[in-house]
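*Asks:* Sharing a structure here in structure tokens format.
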């Protein structure tokens, strides 16, 4: 006999206003957004979930007029303290975290402004040996799913799975056992954003890293990952690349950077000049591979400097094409979530309080893609943003505005455990949607991440005890994990 479910939908207005309460009957448990973090006990007693009204904001202190003081240059704002990282002592273990990109990151100026750090170093190159066993300890934040790929940009493309276990996570461990079939070059990247990670070089036992790099020069993406590449750097190729780099240094783009007054962009340009100068010295000394690497770094830095200026003076901080790509990708994710939850509700004969106006949604999406085809990404993004607002609002209501009431006619404790696990996974889907929709502050994101990590830990513990047959403890663990996700949602601004 399958468990029987009924759905008691709470009015959205009541949730947003923070008013109202729900009460269970003796033969039913109500799992709702309680302010307590304690798990809901599996008993047949009457309980109430009381939503506490928010405290009024403190009154602002009266403003006192102070004498006008001479204008003094404000001291530089101290940088936020760096995160205290526990760098692994095992050379085969790598700690992967996320932080704002600096010039040291290999993809600075490309993709998302946040990048992955390995053992505290931005975009660090990872070197592994075939036949070895390696572990990535991932702690990148709820928005960034770590994975291995043959694609230098990442973003979910080119997933590499041979010898890899546990990827597509933002908190936990990923193991990697490279084999004879593993290509020479892979990348660690984010499934949700472009160019956050860096390179993984895969060597044979005793193989020279410099030779592997030399063999890979001139190839990109999957082509670079093919083992046995024989591309050789020639003096003519280095001279040609240097000539091009010098032409870029004298271009109007470089002059715009110099005239911009943007000290970060100017510093990036000067670093580019330094790399080009070093490439000349290396070329004169016959170090062709080093010279090519240096000139390529110089060109990358020049591109980054130009983008910094374009971002500030021309696009007010928005790369419209990149934003369009990001919106298009996120809409596919949300559409999949909407479809899954709609199908789940239909199978369980649950009425849907919220439904998507698919005609209007499709109109906005098609309009956005048509504008992008014409090159008008700014206007395209406006349409896609409206579509995104529609679907995330519906998903929020579907996953969050329902208080599920069910009776105790589960045939076995295992069925009840599986229900609680499915309910928890619904909330896991809701967290990134809430972050996208509500755009919480950095401090709120840190707190959200803490609750999400705690929920994940409790979930894993619950699955372990359930696997041993203790479904009662597994049920309570899933309820406790769900409570932490509810707290995370409140931090995001979803009440």
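*Asks:* If you go through the range 462-481 one residue at a time, do you hit one that is under 25 Å from residue 331 (Cβ atoms), crowded, with 16+ Cβ neighbours inside 10 Å, out of contact with any strand residue (DSSP E or B) (no Cβ under 9 Å at 6 or more places or on another chain) and assigned by TED's automatic domain parsing to the domain that holds residue 338?
*Replies:* So in the range 462-481, the residues under 25 Å from residue 331 (Cβ atoms) come out as none.
No, there is no match, as no residue in the range 462-481 is under 25 Å from residue 331 (Cβ atoms), crowded, with 16+ Cβ neighbours inside 10 Å, out of contact with any strand residue (DSSP E or B) (no Cβ under 9 Å at 6 or more places or on another chain) and assigned by TED's automatic domain parsing to the domain that holds residue 338.
*Asks:* Same structure again: For residue 239, work out the one condition from (1) at pLDDT 80 or above; (2) closer than 19 Å to residue 289 by Cα; (3) outside the structural domain of residue 305 (by TED's automatic domain parsing) it doesn't fulfil.
*Replies:* (3)
*Asks:* What's the total number of residues in the range 359-385 that are closer than 30 Å to residue 422 by Cα and modelled with pLDDT under 90?
*Replies:* Total satisfying the criteria: 1.
*Asks:* I would also like to ask the following. Looking only at the range 482-492, filter to residues that are touching a helix residue (DSSP H, G or I) at 6+ places or on another chain (Cβ under 6 Å) and either modelled with pLDDT of 90 or more or closer than 14 Å to residue 432 by Cα (or both); which one of those is surrounded by the most Cβ atoms within 10 Å (Cβ to Cβ)? If you could, list the steps in order and put the result at the bottom.
*Replies:* First pass over the range 482-492, keeping only residues touching a helix residue (DSSP H, G or I) at 6+ places or on another chain (Cβ under 6 Å): 482, 484-485, 487-489, 491-492.
Okay, now just the ones that are also either modelled with pLDDT of 90 or more or closer than 14 Å to residue 432 by Cα (or both), so 485, 487-489, 491-492.
Values: 485: 26, 487: 22, 488: 29, 489: 25, 491: 24, 492: 24.
The selected residue is 488.
*Asks:* So residue 294 ticks every box in (1) within 30 Å of residue 212 (Cβ to Cβ); (2) outside any helix (DSSP H, G or I); (3) at pLDDT below 85 but one. Which box is left unticked?
*Replies:* (2)
*Asks:* Across the range 157-183, which residue is nearest to the chain's Cα centre (by Cα) among those that are closer than 15 Å to residue 95 by Cα and outside any loop (DSSP other than H, G, I, E, B)?
*Replies:* 169
*Asks:* Mind checking whether some residue in the range 210-225 is assigned to a helix (DSSP H, G or I), modelled with pLDDT of 80 or more, within 21 Å of residue 104 (Cα to Cα) and out of contact with any strand residue (DSSP E or B) (no Cβ under 8 Å at 6 or more places or on another chain)? I'd like the intermediate steps shown before the answer.
*Replies:* Step one: list which residues in the range 210-225 are assigned to a helix (DSSP H, G or I), which gives 210-216, 221-225.
Now restrict to residues that are modelled with pLDDT of 80 or more: 210-216.
Now restrict to residues that are within 21 Å of residue 104 (Cα to Cα): 210, 213.
Narrowing further to those that are out of contact with any strand residue (DSSP E or B) (no Cβ under 8 Å at 6 or more places or on another chain): 210.
There is at least one residue in the range 210-225 that is assigned to a helix (DSSP H, G or I), modelled with pLDDT of 80 or more, within 21 Å of residue 104 (Cα to Cα) and out of contact with any strand residue (DSSP E or B) (no Cβ under 8 Å at 6 or more places or on another chain).
*Asks:* Something else about it: Does the range 310-330 include one or more residues that are out of contact with any helix residue (DSSP H, G or I) (no Cβ under 9 Å at 6 or more places or on another chain), modelled with pLDDT of 75 or more and more than 20 Å from residue 112 (Cα to Cα)?
*Replies:* no
*Asks:* If you scan the range 79-133, which residues turn out to be in contact with a helix residue (DSSP H, G or I) (Cβ under 9 Å, 6 or more places away or on another chain) and surrounded by 18 or more Cβ atoms within 10 Å (Cβ to Cβ)?
*Replies:* Within the range 79-133, 106, 107, 108, 109, 110, 111, 112 meet the criteria.
The values are calculated or read from the model by the stated rules, or taken from the named source; none is laboratory data. These numbers come from a predicted model, not from an experiment. Methodologically, a virtual Cβ is constructed for each residue, glycine included, from the backbone with ideal geometry; neighbour enumeration extends over all protein chains shown.
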